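So the structure is just underneath, and the comments pick up after that.
The values are calculated or read from the model by the stated rules, or taken from the named source; none is laboratory data. Quick caveat: nothing in here was measured; it's all calculated off a predicted structure. Please note: Cβ atoms are built from the backbone with ideal geometry, for glycine as well, and neighbour counts cover all protein chains shown.
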Amino acid sequence: MEAESASSKRRREDDDADVVFSETLPDSIEYSFDADINRLTKVISACKITMSRQSEMIDIVSRLQATFRKSLIQRRVSQQTADIASTLADVQTALQSVTAKLSATEAAPPALSYAQAARSKIVEKVKVPSGKSVAPVPRSTVVIIPKPDSPLKTADETKTTLMKVLDPQKYGLRLDRVTKTGKSSIRLESEKSDLTKIPAAILEEAGLAIKLQGKSFPRLSILDVPRNLSPEQVKEALVSQNFHDASDQVLHLANEHLKVLFRFGNREGANCNWILEVHPEVRRYLLASRRVYVAWNACRVNDHIRVTRCFNCQKYGHHSTNCKSDIQCGHCAEKHETKTCPNPDRDPTCANCVRFGHKGDVVKHKATSNTCPAYLKRLDAKISNTDYGL
């Protein structure tokens, strides 16, 4: 094989140097080049040539050095530009990934912690006197009343007339309950039908009118409140101490729709209990807090829902002070006072269940029982007629 010529060898070395140079561009290359330039300048200066020629050669060397430095800078800038472009591509990919994750997060409901989930369940249900929590069932409720000039005088007459002129099948109505709600009016309830769509014209022809059943605001019980506070002071403390992280809307509703109604429970001691009437959003906020702060006290807060029962006749809906019915025992359902019942050892009999036509084991409980079917029916109606905002 023929020996490699000097020029070929020099070109090959130059090509190899370009590869290394383009890939790494080490500072040692620049240093080595400067050293060679300096040596070349010294050699030129030592040569015995005219001053003009020597100056021209040194000028050529200087321009060569400047050209090299310019080329070096361009190569470095090019490499840095490539690095920046690569980094920007990585950043763009990362941003696209983050955007996709954010979109998925916005589309899906936020994950709740165990504590948040537990609180959410508490707020979405209503705690009843038995200690259980029940979920309110949305109902459409209307009241049918006779018009002022109608000859209808009783609730039974109103119901009979309504059944003659209104065909549930024709209008796709699914009624869950029809009850008397006054001397001559009846209430219709449905979980699956919008009763407000009952044609008013049909009722008017029969001397009837439809009235929307307005729902009341929910009530809360606040326990262990300092007894020396007035209702106004209790409200002021509740609003100022408990809504620091609430939205402006909830704070406004607390100011406008939080009413301190009355005290209940223990009449002695330094603390007492209060009943509040609040907007549904205010109820949600306070129950989620678990406790509320009034002055120096951390107070328990619960739903307050009660079904009024007369101690005289055991019927629901009125107090004994306004009772006009015959007396009836809450233990045996006979006509005497509960506290003087002569049959304490006899199995109890519920006066209300007997009145509603129940028989057998269904009636074997006291009128005060929290499991009484008549009581649970009334409790369910009470919850349905309260606006919990759920």
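Checking the stated criteria, Val165 turns out not to satisfy the condition of being among the aliphatic types (A, V, I, L, M) and closer than 30 Å to His304 by Cα.
Quick one: in segment 280-313, which of the residues that are assigned to a loop (DSSP other than H, G, I, E, B) and in contact with a Ser or Thr (Cβ under 8 Å, 6 or more places away or on another chain) is surrounded by the fewest Cβ atoms within 10 Å (Cβ to Cβ)? Restricting to residues being assigned to a loop (DSSP other than H, G, I, E, B) and in contact with a Ser or Thr (Cβ under 8 Å, 6 or more places away or on another chain), the top hit is Phe311. Inspection of segment 379-386 finds no residue satisfying the criterion of being part of a helix (DSSP H, G or I), modelled with pLDDT under 90 and over 19 Å from Arg219 (Cα atoms). Check whether at least one residue in segment 235-247 is surrounded by 19 or more Cβ atoms within 10 Å (Cβ to Cβ), touching a residue at least 60 places away in the same chain (Cβ under 8 Å) and within 25 Å of Lys382 (Cβ to Cβ), and report yes or no. Within segment 235-247, not a single residue is surrounded by 19 or more Cβ atoms within 10 Å (Cβ to Cβ), touching a residue at least 60 places away in the same chain (Cβ under 8 Å) and within 25 Å of Lys382 (Cβ to Cβ).
When segment 340-362 is filtered for residues that are modelled with pLDDT of 90 or more and not in a loop (DSSP other than H, G, I, E, B), the ones remaining, listed by number, are Thr340, Ala351, Asn352, Cys353, Val354.
Go through segment 174-220 and tell me which strands (runs of 3 or more DSSP E), entirely inside it, have 3 or more residues that are modelled with pLDDT of 85 or more, more than 31 Å from the chain's Cα centre (by Cα) and not charged (D, E, K, R). Qualifying strands (runs of 3 or more DSSP E): 208-212. Each residue in segment 254-279 was checked for being of a type in the set (S, T, N, Q) and not in a strand (DSSP E or B), and 2 pass. Has segment 126-147 got at least one residue that is of a type outside the set (A, V, I, L, M) and farther than 30 Å from Ala288 by Cβ? Yes - at least one qualifying residue is present in segment 126-147.
Cβ separations smaller than 6 Å between residues 6+ apart or across chains give the following pairs from segment 364-375 residues that are farther than 17 Å from Asn343 by Cβ to residues that are of a type outside the set (A, V, I, L, M) and modelled with pLDDT of 90 or more: Cys372/Cys350; Cys372/His365; Ala374/Asn352; Ala374/Cys353.
On the stretch given as segment 123-173, residues that are part of a loop (DSSP other than H, G, I, E, B) and in contact (Cβ under 8 Å) with a residue 40 or more places away in the chain total 13.
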